[in-house]
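Shown next, in structure tokens, is the structure this report addresses.
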Amino acid sequence: MPSTPPEADVRVDGRDARWAEHRSSRRAELVRAARRAVHHRGPDLSMDDLAAEIGTSKSIIYRYFTDKSGLQGAVGAAVIDDLRAALGEVGERVTRPRDRIAAMVDVYLGIVESSAGVYAFVTQPEATATAGALRGFVAEIEDIVAEALLPVLRHGGGAAEEDHALAALWGAGVVGHVRSVAERWIAARSTGLPADDGAPAVEGGIAALDRAALAAHITDWLWTGAMGVARRSRNASTRTETDDAIGDPS
């Protein structure tokens, strides 16, 4: 039986490589288009609406992503790439532990603020349940934050295995805290109403916080905990009473 000439194998491999490259390029293009559509139209687009916004058919989307959760996972992976790059830059220029936490909080809030619709899209239940290498958007972020926090724990002199375990738990706690606060903040801002224009006073106050102020508060909460916040509040109250006494001539 005649064997296949070596040059035929080369031609087949070349076609396979070009097809794989084309498929990867087309998939990335669809992810970018879906991300733009969600950014402008919101996270609740149906697959029909997404296909129309992207300018293709729903069957084409299914060909590349299987289902909606697959598309959400792919968009989430793109967002995580941005997050990883931003945190990598932070890690290179920020070394003090508290400053590192502050910078990570600001990066996370920046992603939420820059496109609340995309953030909601990739954290919906069907997106976070996506199996595979991504493990879900939130779980991936926890891993990234844990990796960034690991150098802080290593200063404690603990065993490497314990440091990794504690970093994983700390990362989960940090992400859970920041995520809950960020989502409440975005929800309050989405009403578009100031506190004196029909919005509940608490929600109006939350909405009034800008990103820098919120990041500073979250950093304080994470770094010093309840006791630190209470102590600063008492100190601020004492200073105010002292100032009032000095300013009162009676």
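The values are calculated or read from the model by the stated rules, or taken from the named source; none is laboratory data. Since this is a predicted model, take the numbers as computed values, not measurements. Remember, those area values only see protein heavy atoms, side chains included, never the ligands or the DNA or RNA. Shrake-Rupley method; radii C 1.70, N 1.55, O 1.52, S 1.80 Å.
Figures for the structure shown
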read-out: Share of carbon and sulfur in the accessible heavy-atom surface of the range 18-86 [1.4 Å probe, %]; value: 46 percent
read-out: Full-extension gain in nm, ASP99 to SER57, via 0.36 nm per residue minus C-alpha separation; value: 10.4 nm
